[in-house]
Structures are given as structure tokens and as C-alpha cells.
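These notes are about the structure you will find just below.
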Amino acid sequence: MRLIYLIFIVLFVHSFLYSQTDKLAEFVDSQQAKLIYDEAKLEKVPNLNVFVIPPEYFEEDPSINGYVHPGSATTIQILEVEGYSYKDIEKGMTPDYIASQGYTYMGKQEFTTADNVPGIIYFVQFESNNIEYERCMFFTGNSKTIWVNVNYPVSMKKLLLPQIEAFLYSVTESANTNEINTIQR
């Protein structure tokens, strides 16, 4: 009888663990699917001629020309800089200049958007209300510079970075106007 009981317990534990593994894999797959670029999901940024795919759970905020995620204190602000190439801005973004603005320079990375427009991302850190933040400053564009600032708590970086990268990948100056999602939130 003990052997039957032991076999039952082993089968139960195995099926429970297998079930949990399946659920985790399904969850990861569903989250990854949300990060796949889909031009049909492009939306016009409030007050600008820039199009993006907003990250999930971020709310549109026209006062900053961007989006906020209230639960994580993360903001995305988008600006258009006419008359300057992002390459011109890049020349002035030295670690010394960044330090003179009160930020700690963390590094930079080249980045290309979905429509093959090159850009550069600068990572800086700062503190506000005793919370350490990181700012991702992304510069890209062809006919104008699109400047995207993403501020997020350092403690949330691992959770938010995939969404931020997917968002930056979607930044574009134009979109197929037949497919643009202009739903007002």
C-alpha cells in the first residue's frame, strides 16, 4: 500500500510541476508576442508628427508628448528637433557634457528602428526623491531628429527594458496612414 501511495505522490508532484512549467512557458510566449513589431499598431504621438507602438499598460499623456506608466513611475517623452541631424546632437553628447547637466554617464549604444533608420541611445543615471533612475535618451530621424527620453527606476530596469526596446524599435517619422491606429484613449 505504501508503494501505491508513494507512486501517487510522485505522479501528482510531477504533473503539478509539469503544469507549472507549461503555464510559465505560455506566459513567456504571450509576453514575447506583445513585443513583436506590427506596423498596423502604430499610433500618432500626441502633438507630434511621430508614430510609435505604445508599450502595454502605458497611458497617453499629451502634456509630455508621450506616455506614462503610473505603477512604475516610468515616463516616455518624445520631442521633434527641426534643423538638426541626430548626428549633430551626438557630437555634443560627451560624458563631460552629460556630467555637467547633473547626470552620471552610463554608456551609449547604436540602434536601428524597424524602418532601418539609425540612431543612438545614451544611458544616464540620476536620483530623484531618494530613488535611483536611469534615463534612456534615443536620437534618430531622417528629415528631423526625433528625441525620446525614457525615465525609469533602476530597480525596474530588467522588467521594463524589453518593452522600452520594442517601443524604440517602433519609432518612425511616417507610417502608412491607412493602417495607423488613431484611437484616442
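Only the coordinates and a few stated rules stand behind these numbers; no lab work does. Remember, predicted model here, so these are calculated numbers, not experimental data. Using ideal geometry, Cβ is built from the backbone for each residue, glycine included, and neighbour counts are taken over all protein chains shown.
Observations on the model:
- Potential extension, Glu56-Ala114 segment - 0.36 nm per residue separation minus Cα distance: 19.0 nm
- Ranked for footprinting exposure by Cβ neighbours inside 10 Å, fewest first, Glu56, Glu165 give Glu56, Glu165.
- Efficiency of FRET from Cβ geometry, Tyr37 and Tyr97, R₀ 22 Å, rounded to 0.05: 0.10
- Placing +1 on the Cβ of every Lys and Arg and -1 on the Cβ of every Asp and Glu, with no other charges, gives segment 38-98 a dipole of roughly 120 debye about its Cα centre.
- The peptide list 40-53, 58-71, put in order of mean Cβ contacts within 10 Å with the highest first, becomes 40-53, 58-71.
- Only Lys, Arg (+1) and Asp, Glu (-1) charged, at Cβ; segment 40-170 dipole about Cα centre in debye: 180 debye
- Peptide packing: for 140-153, 121-134, the average count of neighbouring Cβ atoms within 10 Å per residue gives the ranking 140-153, 121-134, highest mean first.
- GluC sites (Glu not before Pro) restricted to segment 62-110 and DSSP loop, no more than 15 other C-beta within 10 Å: Glu82
- With a simple spin-label model that places each label point 7 Å from the Cα along the Cα-to-Cβ direction, the separation between Gln125 and Thr104 comes to 0.3 nm.
- Other residues whose C-beta falls under 10 angstrom from the C-beta of Asp115 contribute a net charge of -2, scoring Lys and Arg +1 and Asp and Glu -1.
- Summing Lys and Arg as +1 and Asp and Glu as -1 over all other residues whose Cβ lies under 13 Å from the Cβ of Tyr86 gives a net charge of -2.
- Using θ = phi - 60° and Karplus 6.51 cos²θ - 1.76 cosθ + 1.60, couplings along segment 76-84 (whole Hz; Gly, Pro as x): 10, 10, 10, 10, 10, 10, 7, x, 10
- Across segment 104-115, coupling constants 3J(HN,Hα) worked out from phi with the 6.51/-1.76/1.60 Karplus curve, θ = phi - 60°, read 9, 5, 10, x, 9, 8, 6, 8, 10, 7, 4, 8 Hz, and Gly and Pro carry x.
- Among the listed pairs Lys44/Lys158; Lys108/Lys157; Lys41/Lys108, those whose Cα-Cα separation exceeds 19 Å are Lys44/Lys158; Lys41/Lys108.
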